[in-house]
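A short worksheet on the structure shown next.
The values are calculated or read from the model by the stated rules, or taken from the named source; none is laboratory data. All values reported here derive from a predicted model rather than from experimental measurement. Here Cβ is always computed from backbone atoms with ideal geometry, including for glycine, and neighbour counts include all displayed protein chains. Only protein heavy atoms, including side chains, enter the accessible area calculation; ligands, DNA and RNA are left aside. Shrake-Rupley method; radii C 1.70, N 1.55, O 1.52, S 1.80 Å.
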Amino acid sequence: MSNIKTLSLTTRIIIGMFAGFVIGQFLQWLMPDGSDFVIPLYIADLSLRDFLVGGVFNVGGEIFVASLRMLVVPLVFVSLVCGTCSLQDTTKLGRIGGKTIGLYLLTTAIAISFAMFIALLVSPGEGVNMSANTSFASREAPSLAQVIIQMFPSNPFAAFSEGNMLQVIVFSLLFGISTVLAGDAGKRIAAFFQDMNEVIMRLVTILMNLAPYGVFCLMATLFTDLAWSTFGNLIVYFLVVLAALFTHAFITYPVILKLMAGLNPIIFLKKMRATALFAFSTASSNATIPVTLEAATKKMGVNNSIASFTVPLGATINMDGTAIMQGVATVFIAQVFNVDLTLSDYLMVILTATLASIGTAGVPGVGLIMLAMVLDQVGLPVEGIGLIIGVDRILDMTRTAVNVTGDTMVTIIIGKTENQFDEEVYNDETAGKEIEEIDFHHLDK
Ligand code: ASP
């Protein structure tokens with residue numbers, strides 16, 4: 001046990017992930033779906049597969065994701081109020097907001113343009129003969145005016161309970177600004193929020209330490225049920241999306257980081273590993289917010305006054321990985337259905353996908369719902385989504401890891417350009433290690 005404790009959190013998560021994969025595949029081989037390996041239980045006779053996968057692993061995985069999500073709203077509220085209070089000049093907020101949104105939109109537009117370019121080069125849908133057997137209902141793309149109006153909560157408690165991130169952000173910012181303006185009373189409130197922030201961050205640390213087990217459960221469930229046969233016709237599509245995601249994460253981000261912040265990108269990628277693994281296993285940038293925020297502040301050295309704003313905002317509006325999938329999927333579906341898209345159609349795809357990502361929370365599978373809007377805009381059949389849905393889960397996980405990497409990169413650039421960044425922490429390999437190890441011994445006393 002003590003040996004396991006000395007491993008880094010990243011290594012422990014990777015072990016959990018790999019063990020989940022192996023166990024899942026083993027169960028799939030030993031007890032395929034519907035196997036009659038039944039164990040008599042007190043409540044009902046259950047097949048062993050159902051007991052392990054639908055029972056133990058599923059319960060463990062769901063509890064892990066629910067616990068992460070449980071922290072999101074309180075953490076964003078408390079840390080954003082703290083962040084706003086510590087900004088010397090709250091009039092800077094407008095400029096920071098503009099810069100952040102601009103960078104988020106820019107990286108998303110680069111991502112989708114590049115993805116469509118690769119897809120057009122490789123033509124993953126050419127010669128593929130498939131029929132869509134799933135119907136997929138499209139949702140209308142919200143207008144920009146609607147998105148802006150809906151950012152303002154008429155009832156903050158409703159916004160909190162629904163987890164409507166943009167509304168939570170707006171309320172927290174206004175609350176933070178008023179706290180700064182409220183003199184002595186504001187100072188007392190700010191001190192209280194600082195203490196709350198410490199406590200919630202502890203909770204995040206505890207959860208991070210349980211992550212290897214949670215990740216194990218999620219992977220075991222996924223890989224017991226994963227049907228490899230669905231990959232057949234879609235393997236080229238799958239690989240093109242993966243290649244574009246990896247290129248964006250390992251080439252585009254490092255180049256942007258170097259050019260705009262002059263920082264060593266290798267350090268960035270190394271320090272992103274644990275956060276990317278969280279995002280990968282939960283497939284939700286929203287649920288990963290606590291971990292991304294920890295990484296941006298404690299490991300990368302961005303001041304909380306910036307990160308508490310840019311990280312939750314990014315988890316909501318910045319989805320480069322999702323845009324990449326949408327770019328490739330649009331080209332793929334057009335090719336399968338033999339539809340020729342014009343240059344203006346491609347521009348339309350870039351615009352819709354970039355705008356559709358605003359206001360759509362980062363939760364599993366939301367990318368496909370947004371894809372329906374994109375396909376609608378250029379007159380492609382929405383049923384096309386039925387073609388790719390079978391291989392989407394693993395792509396969803398990978399693109400979520402890219403999404404949170406993009407959020408963190410933009411956070412660093414904003415922190416650096418606003419002088420809210422500690423380069424020593426960034427360059428220090430051991431920074432933030434304390435959040436990876438928690439000692440529960442004092443609880444025994
Ligand atoms: N799961 C992704 C996220 O949470 C969104 C998506 O692409 O479906 O960032």
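Mind checking whether some residue in the range 311-329 is away from the ligand (no atom under 15 Å from the Cβ) and of a type in the set (Gly, Ala, Ser)?
For the range 311-329, residues away from the ligand (no atom under 15 Å from the Cβ) and of a type in the set (Gly, Ala, Ser): absent.
Of the residues Ile251, Ile177, Ile200, which is assigned to a helix (DSSP H, G or I), within 21 Å of the chain's Cα centre (by Cα) and within 21 Å of Pro312 (Cβ to Cβ)?
None of the others qualify; the one that does is Ile200.
Among the candidates Val404, Val374, Val363, which residue alone is farther than 30 Å from Ile266 by Cβ and within 10 Å of the ligand (Cβ to nearest atom)?
Checking each option against the conditions leaves just Val363.
Check Thr316, Thr310, Thr354, Thr360 and return the single one that is farther than 27 Å from Leu239 by Cβ, out of contact with any Asp or Glu (no Cβ under 6 Å at 6 or more places or on another chain) and at pLDDT below 90.
So the residue among Thr316, Thr310, Thr354, Thr360 that is farther than 27 Å from Leu239 by Cβ, out of contact with any Asp or Glu (no Cβ under 6 Å at 6 or more places or on another chain) and at pLDDT below 90 is Thr316.
Out of the residues in the range 123-159 meeting the condition of being modelled with pLDDT of 90 or more and of a type in the set (A, V, I, L, M, F, W, C), tell me which one is most open to solvent (accessible area, probe 1.4 Å).
Selected residue: Phe157.
Among the residues of the range 329-367, write down those that are in contact (Cβ under 8 Å) with a residue 60 or more places away in the chain and open to solvent by less than 10 Å² (accessible area, probe 1.4 Å).
Ala329, Thr330, Val331, Phe332, Ile333, Ala334, Val349, Ala353, Ala356, Ser357, Gly362, listed by residue number.
So if I check each of Ala287, Ala276, which one is in a helix (DSSP H, G or I), of a type in the set (A, V, I, L, M, F, W, C), modelled with pLDDT of 90 or more and within 13 Å of the ligand (Cβ to nearest atom)?
One residue alone meets the criteria, Ala276.
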